[in-house]
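Here is the structure we will look at.
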There are 2 protein chains.
Amino acid sequence: MAKIADKYLVVDTWKVIEKGFDPSRNRVSESIFSLGNEYMGVRAYPEEGYSGDSLVGSYFNGLFEEGKVPAHYKGIIRFLRFMVSAVDWLYTRISVNGETLDLATSKFSDFTRELDFKRGKYVRSFVWELSDGKQIKLTFERFVSMNVSGLGCQRIVFEPLNFSGEVNVRAGLDFTIIHEDQGRNFWHTVQQGQADGITAILGETINTKNRLYSGFTTVVPNALQTKLVEADRFIGQDITIKLVQGEASTFDKFVNNYAEKDLSIANEHLWSKAHEQAKAYVGASYEELEQQQADYWDNVWKESDIVIEGDPDNQQGIRFCIFNLYQTYHGDNPGFNIGAKGLTGEAYRGLAFWDTESYCLPFYIFNNPKAAKSLLEFRYKSLPHALDRAKDLDCKGAFYPIATIDGTESCDLWQHSNLQLHVGTAVAYGIRHYVNITDDIDFLYEKGLEMLIQISRFYATRGQWGQQSGLYGYFGVMGPDEFQLMVNNNCYINLMAKKLFEYTLEVIDSMSLHSSEAFQALADRIDLTNEEQADWKHKAAFMKLPKDNETGIFEEHDGFFDMPHLDIHSIPVTEFPLYSHWSYDRLYRYDMIKQPDVLMFMFLYSDDYSLAEKIANYEYYESRCIHESSLSPSIHSILAAEIGKKEEAYQFFEFATRLDLDNYNRNTREGLHTTSIAAAWMNIVYGFGGMRSDGSHLILQPTIPTKWDSYSFPISYKESKVLVEVNQQGASIKVVSGDAVSIAIYGHTYNVTVEGIKVDLSQVVQQ
Amino acid sequence: MAKIADKYLVVDTWKVIEKGFDPSRNRVSESIFSLGNEYMGVRAYPEEGYSGDSLVGSYFNGLFEEGKVPAHYKGIIRFLRFMVSAVDWLYTRISVNGETLDLATSKFSDFTRELDFKRGKYVRSFVWELSDGKQIKLTFERFVSMNVSGLGCQRIVFEPLNFSGEVNVRAGLDFTIIHEDQGRNFWHTVQQGQADGITAILGETINTKNRLYSGFTTVVPNALQTKLVEADRFIGQDITIKLVQGEASTFDKFVNNYAEKDLSIANEHLWSKAHEQAKAYVGASYEELEQQQADYWDNVWKESDIVIEGDPDNQQGIRFCIFNLYQTYHGDNPGFNIGAKGLTGEAYRGLAFWDTESYCLPFYIFNNPKAAKSLLEFRYKSLPHALDRAKDLDCKGAFYPIATIDGTESCDLWQHSNLQLHVGTAVAYGIRHYVNITDDIDFLYEKGLEMLIQISRFYATRGQWGQQSGLYGYFGVMGPDEFQLMVNNNCYINLMAKKLFEYTLEVIDSMSLHSSEAFQALADRIDLTNEEQADWKHKAAFMKLPKDNETGIFEEHDGFFDMPHLDIHSIPVTEFPLYSHWSYDRLYRYDMIKQPDVLMFMFLYSDDYSLAEKIANYEYYESRCIHESSLSPSIHSILAAEIGKKEEAYQFFEFATRLDLDNYNRNTREGLHTTSIAAAWMNIVYGFGGMRSDGSHLILQPTIPTKWDSYSFPISYKESKVLVEVNQQGASIKVVSGDAVSIAIYGHTYNVTVEGIKVDLSQVVQQ
């Protein structure tokens, strides 16, 4: 794996710290120090204005613009939708004696910035030296409230070190922001003005008519003068603040943002509702709000902290991951999803992929089941779009988009959007996983089964019968391994479809038995027939699963074993990433794979495969995998741990927790790898913790990397909270709240209580 | 085959005639009545201005514009180049008493138009009735000179039927023409003015700086007054012409066009050179020039006419085809190629495909070897581009573009431009075919072998070894059958590559023996090594050719026999063309094929396959072919004729000659199917004539459709001219000029002389 860390930041187990300012790394830091609260996110751009390299990024979950795609053929998308760069609600300009602060041109020293996991805030400070020798220490704080969706808070502290005087601050709301990827601005203003202590503006996107209200109030004890400033798509205040040498003057700004995608709501109604919310912060106390934020995070760490002793790098790394998973999503807004870069940049256009169900969902299922459910609600809410999309593709049922912001397909590469079928089965797997761990049968019967049936209908019409094999499967597909572009009978897709059919039928059986009236109502509403159920059963039974029975190795797709061989270690490091250095078509002509495909389903349905099968397939596929997807190493780490390759497991893991902190892929400047961050959590819990959650019992088989003294992680399971603590001698597994639960630990099923189960690791023999 | 004729035009064996004007068919007729002389082409739009549905199309071979492609990945094209819609040199506006002629709004009667194959001109006439009852007969003639590249001639005859008076004619050169496909104009003016009786303008394209001079002179005996008119990108004359009741007043316009793509030539130089040419037509005689045009065509028909007795529809059809092949290309300009729509519309962007070598070249080889050679010169001239393109694709040697106007790749669908490899082998086949028929060894040694070596280098680096099969072949390709989008070991590609390697090595052997010094110079210049020759030999020997040995059926590609079956006759006619009615990805998931692929190589290397093999493969593949390419039916007709399916052969043939005249594909409005027109010629000569030209001897095995009384066709062969005449009783094959030639006729090889060979068809037993 040609992944090399770019060590730069200070290692601290509860913070990310940057000492000194490196303009060439500024965009990377802007991503890493991003803040978010699932409703909105903001990059750590210098809010005072910066003429150097910076991406001013302020995003609102699900707020999107669109452009027309010059479509060639039927079934290829017509509109490209993307998360639009929105209001710069932190907009600030600072000047002293007519000299304006700009870190690209101003003289400054003692620059430091911190992201505080415990308080959920971003703090930056430095001493600015003016051309006449005046020195002023500036401290910028900001946080995005985890308690109130639209609330963003900013504090600036001015401390003149060797003079007294005045500072002029322009503070405002700026809708003239450029969406960099598209090279243009997408906003016009509907309304703006000042009333009740609130300075506000209502913007609207040009094509989609998404609206965003932003209104702020300031608290500036030493203000000498305040003046309203209005300009094109901008409203703000010019504030003159008195400075006394050696004393701190504070500037606090409280912003209420309110996004509205419903076109039917009148501007006046929207304005007055948002305005009322904003008014609550007139004269607010920054300290009080900041403390509420700290309380929220305190609770997060109580619920979800993973403690690693003896490895501060990975301790920092995994906390950064958990911090960002909560920042990106925690389930207060059921209509939202998780973009590949969260709310931290324009890359991947803010779109959600199968990553949500395949990589992020387990974290939420085991930490925050409400959030897990809310993510599944996104798919239920967007079911009508998936039904439409299936029709576009001449199929029945529901075809979930490979990349989406609003439930419609937004991937403009037809080879991905039309050939990748694995979102639907990921959703189905997610439903099953969520329900099995939480016992939320209500969700399953009320919404889950309807999705399962519609997804099954798609898979029953998209597939075909092989003329020679007589078996069912999928032709013209791209599996999770995107280095095999258009193949037949991808083993992952076929296996997942088989499992989908079987599970759908199983849930139909159980619901028709246990909730027959509701079932009948559902069946009537969506015209479920016995014939189609028989059809699914038949197709599941005759699903083609290419495999070499002698070696036990599954064939990734028809003909994969004949693909020309390439020793992946012979590829010069300078040729990575291959997408940039190899001709596009060349990527697809080897037995080289981009990310786990066969290994992915062996992980997802771990219970179905023997250790020997896992070893055989791991040996074969790992040696052919270049991990060009950042999601890849963790799955390999988990399997390596299971088959006893401890060293290899740790090597793959090192990449996972610090992917962005150490800028492994050299593209963190574009935004965080938010969904890969979720894989880091899986890496510890499934990998070293040895958890498996796909069978009838939860399994835990903890091991520990030799480098670590100990580690622990909590999991929510069947309404109980279980704590797993592991050190080099042994593991302890106990219930910390709720009822006793049944868990299989190293081959024995225990009734785990508050007393807990202790395992002597030296006694445990690898299966 | 869901192809149905739309009979509309008058059947005449030497003309295309339309009686009456149908505005809804105007664009179709504009294509059909197009004129061209390989240097330029012009659609039959009403030059007097028409506010109805019309495509004002004036094109110059190889004159192109370009647009940037937002490329995602390496190896995908960055510039889309296309033949640009150029000056309207026929621009005319006509008014009488302030009333302006416009066929969309004016009252008129007795509309008729004709395209005359013998004189190579387009004539249109009607009677215009003004609002005050005045009637004037107008006759418009135009021709594009086959003798002088840039020369276009226009005549308008005015005959007032019931009044005397004046007509005002504005005649000019208009560069404001809109390129419809791109929705904009691509020209600005460099210079314009009047001198020496010439009114001229020099335009330049915006991005590519291609230049086009256009200068005209008029001869108007009854002119009362003439005035210069200049406007934005326009220059012209306003001429008032005296009209006398019952008398004809003529207006003649002679235009010299001169296109220049060489950026290094100064404007002044270009202007004065083109101006000198234009001056030659001041005071010219229309009648004289028109007679020279007729003489040219007289000679064409002497050389190339196919005479069919007893079938006026197909007689007209095949003459229309031959007429258009000459109009599109006849070899005076070696730097030109043949666009899929010739010079008759914007569709396919004026780009040339493998059609040139695979479908058009045989016509030229056997009718006009100079033109055949000139077409191959295009590939030699563009070899540097093909070398660059191979590098783009991480390969060596030359990769010829799937679609091009200037030698660079201009197909913006990566799946075609990167996966379709068959232009290179088509070029190689074309070289071999041309040389075998003409004995032009000089061309082979001077240019042909260099191309063969570079093409071989590409095929030796693009291919790979199958890991299981141990055989060589091509992975990730699209064969001629575009309904199998990305496959491995397409049998056509593999077979053609094998033949390419073998032929290249054969020519190397022969040239090193017979022209050793020149060979050594070539080998040194392009670093030909023994190792690579050994490599080609090895790869040719171990080329994978998937085949079922039991049935003798070649497998189109790995896994084709397992592709889900579809009874193509079950597809409702309303779903054609499938590209418009089926989801794009769905097209590629069946054993349904778009056009011949296995059958194509069985035709190209006819000599290599037994009749039994041809029958087995025809039965299998024809029943799976939907002929969505207009090139498809003729190849099937040729093979059907060979295997004795006479009725089927005739059914496929019916489509070929009248494809555009009867608007079979309902898209003739976009332009003629110029390259399919060439397939119609092949259909008669290879199909009914039974010619095969791929072996060591020319083969002729004539048959005749039962519906025909007789037919005859001439062919150029080894510097002799051979005439084949067939009627229901027998065939006669004789040399009409040149030396005796050796031809295999029905299994016997004859030395054919002016005496000729006669075959009694009733005696001939099908092999």
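The values are calculated or read from the model by the stated rules, or taken from the named source; none is laboratory data. Fair warning: this is a prediction, and the values are worked out from it, not measured in the lab. Don't worry about glycine lacking a Cβ; one is built from the backbone with ideal geometry, like all the others, and counts go over all protein chains shown.
What the table shows:
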| item | result |
| --- | --- |
| Evaluation of A:Ser469 against (1) within 14 Å of another protein chain (Cβ to nearest Cβ); (2) under 25 Å from A:Lys614 (Cβ atoms); (3) touching an Asp or Glu at 6+ places or on another chain (Cβ under 9 Å); (4) among the hydroxyl-bearing types (Ser, Thr, Tyr) (one fails), failing number | (2) |
| Checklist (1) closer than 30 Å to B:Pro334 by Cα; (2) over 31 Å from the mean Cα position of the chain (by Cα) applied to B:Trp465, failing item | (1) |
| Neighbours by Cβ (under 6 Å, 6+ apart or cross-chain): first from segment B:303-323, closer than 12 Å to B:Thr657 by Cα; second among the β-branched types (Val, Ile, Thr) and surrounded by fewer than 22 Cβ atoms within 10 Å (Cβ to Cβ) | B:Pro312/B:Val11; B:Pro312/B:Thr13; B:Asp313/B:Val11; B:Gln315/B:Thr13; B:Gln316/B:Val11; B:Gln316/B:Thr13 |
| Filter result for B:Asp252 (in a strand (DSSP E or B), among the charged types (D, E, K, R), in contact with a Cys (Cβ under 9 Å, 6 or more places away or on another chain) and surrounded by 15 or more Cβ atoms within 10 Å (Cβ to Cβ)) | yes |
| Given (1) surrounded by fewer than 21 Cβ atoms within 10 Å (Cβ to Cβ); (2) within 14 Å of another protein chain (Cβ to nearest Cβ); (3) in contact with a strand residue (DSSP E or B) (Cβ under 9 Å, 6 or more places away or on another chain), number of the condition A:Asp591 does not satisfy | (3) |
| Counted residues, segment A:357-394 - those being closer than 23 Å to A:Gln595 by Cβ and out of contact with any Phe, Trp or Tyr (no Cβ under 8 Å at 6 or more places or on another chain) | 1 |
| Selected residue [under 20 Å from B:Asn418 (Cβ atoms), of a type in the set (Phe, Trp, Tyr) and without any contact (Cβ under 8 Å) to a residue 24 or more places away in the chain] from A:Tyr584, A:Tyr579, A:Tyr609, A:Tyr588 | A:Tyr584 |
| Tally, over segment A:726-761, of residues that are in contact with a Gly (Cβ under 8 Å, 6 or more places away or on another chain) and outside any strand (DSSP E or B) | 1 |
| Contacts under 6 angstrom Cβ, first residue in segment A:736-751 being under 9 Å from A:Ile699 (Cα atoms) and touching a residue at least 24 places away in the same chain (Cβ under 8 Å), partner surrounded by 12 or more Cβ atoms within 10 Å (Cβ to Cβ) and among the acidic types (Asp, Glu), 6 or more apart | none |
| Of residues in segment B:426-466 being among the hydroxyl-bearing types (Ser, Thr, Tyr) and out of contact with any Asp or Glu (no Cβ under 9 Å at 6 or more places or on another chain), the one nearest to B:Lys539 (Cα to Cα) | B:Tyr459 |
| Selection count where residues are within 16 Å of the chain's Cα centre (by Cα) and within 14 Å of B:Gln315 (Cα to Cα), scope segment B:662-685 | 4 |
| Count of segment B:540-588 residues which are polar (S, T, N, Q) and more than 7 Å from every other protein chain (Cβ to nearest Cβ) | 4 |
| Output for segment A:395-445, where each listed residue is buried (at least 23 other Cβ atoms within 10 Å of the Cβ), touching a Lys or Arg at 6+ places or on another chain (Cβ under 7 Å) and within 14 Å of chain B (Cβ to nearest Cβ) | A:Phe399, A:Glu409, A:Leu421 |
| Positions within segment A:57-86 being among the β-branched types (Val, Ile, Thr) and touching a Leu at 6+ places or on another chain (Cβ under 9 Å), in sequence order | A:Val69, A:Val84 |
| Strands (runs of 3 or more DSSP E) within segment B:17-94 that include 2 or more residues within 14 Å of chain A (Cβ to nearest Cβ) and surrounded by fewer than 24 Cβ atoms within 10 Å (Cβ to Cβ) | B:64-68 |
| The one condition in (1) closer than 19 Å to A:Pro546 by Cα; (2) in a helix (DSSP H, G or I); (3) in contact (Cβ under 8 Å) with a residue 40 or more places away in the chain that A:Ser637 fails to fulfil | (1) |
| Enumeration of residues in segment B:384-394 that are without any contact (Cβ under 8 Å) to a residue 40 or more places away in the chain, farther than 23 Å from B:Ala518 by Cα and more than 12 Å from every other protein chain (Cβ to nearest Cβ) | B:His385, B:Asp388 |
| Positions within segment B:57-105 being among the basic types (Lys, Arg) and under 20 Å from the mean Cα position of the chain (by Cα), in sequence order | B:Arg81 |
| Single residue of B:Val764, B:Val685 found to be aliphatic (A, V, I, L, M) and surrounded by fewer than 23 Cβ atoms within 10 Å (Cβ to Cβ) | B:Val764 |
| B:Gly671 vs. criteria in contact with a Pro (Cβ under 9 Å, 6 or more places away or on another chain), small (Gly, Ala, Ser), on the phi > 0 side of the Ramachandran plot and modelled with pLDDT of 95 or more | no |
| Residue in segment A:361-369 that is closer than 26 Å to A:Pro401 by Cα, surrounded by fewer than 24 Cβ atoms within 10 Å (Cβ to Cβ) and modelled with pLDDT of 95 or more present | yes |
| Count of segment B:103-137 residues which are crowded, with 16+ Cβ neighbours inside 10 Å, out of contact with any strand residue (DSSP E or B) (no Cβ under 6 Å at 6 or more places or on another chain) and closer than 30 Å to B:Gln327 by Cα | 3 |
| One residue from B:Gly397, B:Gly342, B:Gly430, B:Gly424 being of a type outside the set (A, V, I, L, M, F, W, C), within 29 Å of B:Ala44 (Cα to Cα) and in contact (Cβ under 8 Å) with a residue 40 or more places away in the chain | B:Gly342 |
| Test set (1) more than 24 Å from B:Lys302 (Cα to Cα); (2) in contact with a strand residue (DSSP E or B) (Cβ under 9 Å, 6 or more places away or on another chain) - B:Gly342 fails condition number | (1) |
| Total residues in segment B:447-464, condition within 11 Å of chain A (Cβ to nearest Cβ), touching a residue at least 24 places away in the same chain (Cβ under 8 Å) and not basic (Lys, Arg) | 2 |
| B:Ser637 vs. criteria modelled with pLDDT under 95 and more than 21 Å from B:Met496 (Cβ to Cβ) | no |
| Helices (runs of 4 or more DSSP H) lying entirely in segment A:566-634 (those with 2 or more residues that are at pLDDT 95 or above) | A:598-604, A:611-622 |
| Total residues in segment B:303-339, condition closer than 24 Å to B:Val735 by Cβ, out of contact with any Asp or Glu (no Cβ under 9 Å at 6 or more places or on another chain) and assigned to a loop (DSSP other than H, G, I, E, B) | 2 |
